[in-house]
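Data first, discussion second: the structure below is written as structure tokens.
The values are calculated or read from the model by the stated rules, or taken from the named source; none is laboratory data. All figures in this text were calculated on a predicted structure; none of them were measured in a lab. In this analysis, Cβ positions are derived from the backbone assuming ideal geometry, glycine residues included, and neighbour counts consider all displayed protein chains. Keep in mind that these areas ignore ligands, DNA and RNA; they rest on the heavy atoms of the full protein, side chains included. Shrake-Rupley method; radii C 1.70, N 1.55, O 1.52, S 1.80 Å.
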Amino acid sequence: MSKCIICKGNIKILQNKSLKCTVPMGTKIFFVSLGICKECGHVQKIIDSSWKKGIKNLYEKKYFFLGKHINFKNNKVISRDDFIVKKIKKKLQLENSGNFLDIGCGAGNFLHSFAKFNKGWLVNAQDISSINKKLVLKKKLIKKFYQCDITKIKEKFDLISANHVLEHVT
């Protein structure tokens, strides 16, 4: 039986049939099953031999995700990152300035949305890979790019996000 990636609880398979899946920048289809943790309720992919085979080589040098995540609102395509940042700003009633860190920033799409709607904030990026570093730093909005494990970062932040990270943790 698979264990939950969050709490290590037991997982119940949600469907009998595996789903067809691919990974960003991927060209091959593989099969994946979904399950739900009986303890914490987190829905997740089952990490089995099919999943491991499908993600093999995902984080090679050639991997980078330039696409933007989108949503639909009132029959219009909108940036998911812009949508999330606006919701965070409203819900948390963010101050006009602060120090922000995006963990696992990837290509920096979420960072750039955050900087666009929070102009008084210092925006910092973190990723374990340097693949997208030039792309992230290109817009000159980033105070610092940390290429390291997050435990090595000693600076204090007013807000930290880990947007689009959990699905990469196995």
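A few notes on this one:
- Too-long pairs where the Cα-Cα distance tops 31 Å, listed order kept, from Lys86/Lys144; Lys12/Lys152; Lys38/Lys86; Lys91/Lys154; Lys8/Lys116; Lys91/Lys144: Lys12/Lys152; Lys38/Lys86; Lys8/Lys116
- Applying 1/(1 + (r/R0)^6) with R0 = 45 Å to the Cβ-Cβ distance of Gln93 and Ser50 gives a FRET efficiency near 0.50.
- Per-residue accessible area (protein heavy atoms, 1.4 Å probe) orders His112, His164 as His164, His112, starting from the largest.
- The alpha-carbon of Lys53 sits under 17 angstrom from the alpha-carbons of these aspartates and glutamates, leaving out residues fewer than 8 places away in its chain: Glu167.
- Across the stretch 101-118, rounded Karplus estimates of 3J(HN,Hα) from the backbone phi angles (6.51 cos²θ - 1.76 cosθ + 1.60, θ = phi - 60°) give 10, 10, 7, x, 5, x, 7, x, 4, 5, 4, 5, 5, 4, 5, 5, 9, 9 Hz, Gly and Pro being marked x.
- Sites Cys7 and Phe83, calculated FRET efficiency, Cβ-Cβ separation with R0 25 Å, nearest 0.05: 0.30
- Loop-located trypsin sites (Lys or Arg not before Pro) in the stretch 86-134 (DSSP state not H, G, I, E or B) with no more than 14 neighbouring Cβ atoms inside 10 Å: Lys119.
- Within the accessible area of the stretch 130-169 (1.4 Å probe), percent carbon and sulfur: 55
- Cβ-derived FRET efficiency at R0 25 Å, Lys138 paired with Asp158, nearest 0.05: 0.50
- Using the Cβ of Asn10 as centre and a radius below 12 Å, the other residues enclosed give a net charge of +3, where K and R count +1 and D and E count -1.
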